[in-house]
1. Classify region 80-169 as rounded, prolate or oblate from the Cα gyration tensor: take a ≥ b ≥ c as the square roots of its eigenvalues, call it rounded if a/c is under 1.5, otherwise prolate when a/b beats b/c and oblate if not.
2. Please arrange Tyr124, Tyr4 by counting, for each residue, the other beta carbons lying within 10 Å of its beta carbon, fewest first.
3. With both bridge residues required to lie in the chain, what share of the DSSP beta bridges run antiparallel, to the nearest 5%?
4. Based only on other Cβ atoms within 10 Å, what is the fewest-to-most ordering of Cys22, Cys102?
5. Region 67-169: which GluC sites (Glu not before Pro) are DSSP loop and have at most 12 other beta-carbon atoms within 10 angstrom?
6. Which entries in the list Lys93/Lys168; Lys47/Lys168; Lys40/Lys160 go over 28 Å, if you measure between the two C-alpha atoms of each?
7. At 37 °C and 0.692 mPa s, what whole-number value in µm²/s does Stokes-Einstein give for the translational diffusion of region 1-111, with Rh from the Kirkwood sum over Cα pairs?
8. Counting each DSSP H run of 4 or more residues in the chain as -39500 (n - 2.57), what helix-only mean residue ellipticity at 222 nm follows after dividing by all residues, to the nearest 500 deg cm²/dmol?
Amino acid sequence: MSNYRFSDFRSDTEKLDFAKTCIWIIHSDKIPPHIGISTKNNFFSLKANGKDFGLNTQSVFDSLKSKKIEFILLETKLNLELEYLEKEFNLHKHAIPYQSSCIAPILNLLMINQSFLLVNLINYLETKQLILNSFVVNLKSSYPQIVSYSAIDVANEIEKLQRVERRKS
C-alpha cells in the first residue's frame with residue numbers, strides 16, 4: 001500500500017470536458033474514496049446500496065462542489081461509448097464486499113482482470129499515457145493525494161454503509 005500524490009493538477013475546471021471519459025475520485029480525502037466514471041455527459045457509479053446510472057455530469061459536479069466534498073476528476077483519452085457503460089452498469093445491482101466495489105465496473109470497462117485499487121488504476125492510466133488532465137475541486141489540503149488503503153478497508157466500508165441502510169429500513 002502506498003500513497004499517491006498528484007504532481008500535475010488543475011483547480012480551474014473551466015476547460016473540463018464532460019463529453020470525454022472521466023474517472024471521478026469522490027471523497028478523495030477519505031479512506032477509501034468513492035470512484036465513478038462518466039462519458040458523454042452521463043455519470044455512473046456503483047454504491048453500497050445501489051448505483052448512479054446515467055446522471056447528468058454537470059448536476060453531479062455542481063452538487064459535489066456545493067456540498068464542499070473534495071473530489072478529483074481525471075479527464076482521459078479513453079473514448080468509451082455511453083452504451084458500453086450502460087451495459088456494464090446494468091450487470092450490477094450494488095457493491096458487494098470482497099466481490100465488487102465501486103472500481104469493479106470501471107476495471108471491467110477497461111478490460112483489467114486483476115484486483116486493482118485506485119492507486120493501481122491511476123498508475124495504469126499514467127503508464128498507458130491515458131490521462132489528459134487532473135482536476136481537483138474543494139481541495140482541503142495543500143496537495144492532492146490518495147491515502148493508502150486496502151481491499152479490507154473497501155469491504156469494511158461497503159459493509160458499514162449497508163448496515164446503516166438496513167437500520168434505516
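1. Numbers: a/c = 1.75, a/b = 1.20, b/c = 1.46.
Oblate, because a/c is 1.5 or more while a/b does not exceed b/c.
2. Working: Tyr124 15, Tyr4 19.
Going from sparsest to densest Cβ surroundings: Tyr124, Tyr4.
3. Working: 28 of 29 bridges.
Approximately 95 percent, going by the DSSP bridge assignments.
4. Working: Cys22 24, Cys102 27.
By the 10 Å Cβ count, ascending: Cys22, Cys102.
5. Working: sites: Glu70, Glu75, Glu81, Glu83, Glu86, Glu88, Glu126, Glu157, Glu159, Glu165; in loops: Glu70, Glu81.
The qualifying sites are Glu81.
6. Numbers: Lys93/Lys168 19 Å; Lys47/Lys168 16 Å; Lys40/Lys160 33 Å.
Too far apart for the 28 Å limit: Lys40/Lys160.
7. On the way: Rh = 14.5 Å.
So the translational diffusion coefficient is about 227 µm²/s.
8. On the way: 5 runs with 53 residues, N = 169.
Calculated mean residue ellipticity at 222 nm is -9500 deg cm²/dmol.
Only the coordinates and a few stated rules stand behind these numbers; no lab work does. The structure displayed is predicted, hence computed values, not measured ones. All Cβ positions, glycine included, derive from the backbone under ideal geometry; neighbour counts span all protein chains shown.
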